[in-house]
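Worksheet: one structure, shown below.
The values are calculated or read from the model by the stated rules, or taken from the named source; none is laboratory data. Worth saying up front: this structure is predicted, and the values here are computed from it rather than measured. Cβ placement follows ideal geometry from the backbone for every residue including glycine, while neighbour counts extend to all protein chains displayed.
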Amino acid sequence: MEAAEQLGALLAKRGGDIYATRAEETKSHFMSDVQPELIALGFIWYVAFLFSTTCHEAAHALAAKIGGDDTAFAGGQVSLNPVPHIQREPWGMVAFPILSLIVTHNLFGWASAPYDPTWERRHPRRAAWMALAGPATNYTLMLIAAMALRVGWTYHWLRVDYNGRADFPASVLGVFFFLNLLLGTFNLLPVPPLDGSTGIMLFMSENRAHRYLDWLRGNSYAMVGLVVAVFGFQYVFEPIEGAAMYALLPRELLVPLVRTIFRL
């Protein structure tokens, strides 16, 4: 079987599911029997989630401060220290991710950064840049992981064992690559409460943005938006994921990475 066909078969076996954040849920065989390597894999996914989400929210907070809103800065969220972010969302960043991983074999979590609605209305374009800063940070982390995987594979610092599985450093980088690709893409969906629903104001005139905010903030569309995002995301993400993998990662490492970090 050629590498591309083998990778396609593995992704199909995965069923389109991967460890997820925000409102995505994923399935795996993690902890189906408790083995040290499976516990270590779950720990890697959680640490990657915690770090990536912290960076995501810190980017929101920093962009808001640059744009004139000190709300998140006053709460200590312009920081890569996860503690202020955990204090704001302890359930979404600690309790739910860990419990869901143990009980359902899935990783489920969320986070948020505060902002001033009056500032958002006064400066809709700045608010749009603030919203887009989070996904942009996730894509940056994804590109860093991809670059490290390419360099490591080129210089033979990363290896594949006789079972066809990637070694520990490659697995960690692979988790960061896939998780941040997912985070960035999911949060760009233009439905509330995701970042894309605010980011699209970058393409609106000020008057149109004000009318849009009246509609967006004046209605409770968050739950409907999450349902639409969860069910529609797999159709959006699958081609993006495939294109990103083939464009950014070493071809010889694709199958071992997918097999290792998704336990296929």
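When you go through Ser220, Ser197 one by one, which is the residue that is part of a loop (DSSP other than H, G, I, E, B), hydroxyl-bearing (Ser, Thr, Tyr) and surrounded by fewer than 23 Cβ atoms within 10 Å (Cβ to Cβ)?
Exactly one residue qualifies, and that residue is Ser220.
Among the residues of the stretch 142-167, which ones are surrounded by fewer than 22 Cβ atoms within 10 Å (Cβ to Cβ), in contact (Cβ under 8 Å) with a residue 60 or more places away in the chain and either of a type in the set (S, T, N, Q) or under 22 Å from Ala63 (Cβ atoms) (or both)?
Leu143, Thr154
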**Report entry** Qualifying positions in the stretch 96-115 - surrounded by fewer than 19 Cβ atoms within 10 Å (Cβ to Cβ), under 18 Å from the mean Cα position of the chain (by Cα), at pLDDT 90 or above and of a type outside the set (Phe, Trp, Tyr)
**Finding:** Ile98, Ser112
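Looking at the stretch 126-149 only, could you name the residues that are out of contact with any helix residue (DSSP H, G or I) (no Cβ under 6 Å at 6 or more places or on another chain) and under 20 Å from Thr71 (Cα atoms)?
Arg126
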Report task. May I ask you to list the residues in the stretch 117-137 that are surrounded by 16 or more Cβ atoms within 10 Å (Cβ to Cβ), more than 20 Å from Thr53 (Cβ to Cβ) and either touching a Cys at 6+ places or on another chain (Cβ under 9 Å) or not small (Gly, Ala, Ser) (or both)? Result -> Trp119, Glu120, His123, Pro124, Arg126
Query - Condition check for Gly92: under 29 Å from His210 (Cα atoms), under 18 Å from the mean Cα position of the chain (by Cα) and part of a helix (DSSP H, G or I) - result: no
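Listed here are the residues, each with its yes/no results for (1) aromatic (Phe, Trp, Tyr); (2) out of contact with any strand residue (DSSP E or B) (no Cβ under 9 Å at 6 or more places or on another chain); (3) within 15 Å of Leu249 (Cα to Cα).
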residue: His123; (1), (2), (3): no, yes, no
residue: Leu143; (1), (2), (3): no, yes, yes
residue: Ala148; (1), (2), (3): no, yes, yes
residue: Val151; (1), (2), (3): no, yes, yes
residue: Tyr155; (1), (2), (3): yes, yes, yes
residue: Phe168; (1), (2), (3): yes, yes, no
residue: Val172; (1), (2), (3): no, yes, yes
residue: Val175; (1), (2), (3): no, yes, yes
residue: Pro192; (1), (2), (3): no, yes, no
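Conditions tested, residue by residue: (1) at pLDDT below 95; (2) closer than 23 Å to Arg126 by Cα.
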{"residue": "Gly42", "(1), (2)": "yes, no"}
{"residue": "Leu50", "(1), (2)": "no, no"}
{"residue": "His56", "(1), (2)": "no, yes"}
{"residue": "Ala63", "(1), (2)": "no, yes"}
{"residue": "Gly68", "(1), (2)": "no, yes"}
{"residue": "Ala72", "(1), (2)": "no, yes"}
{"residue": "Leu80", "(1), (2)": "no, yes"}
{"residue": "His85", "(1), (2)": "no, yes"}
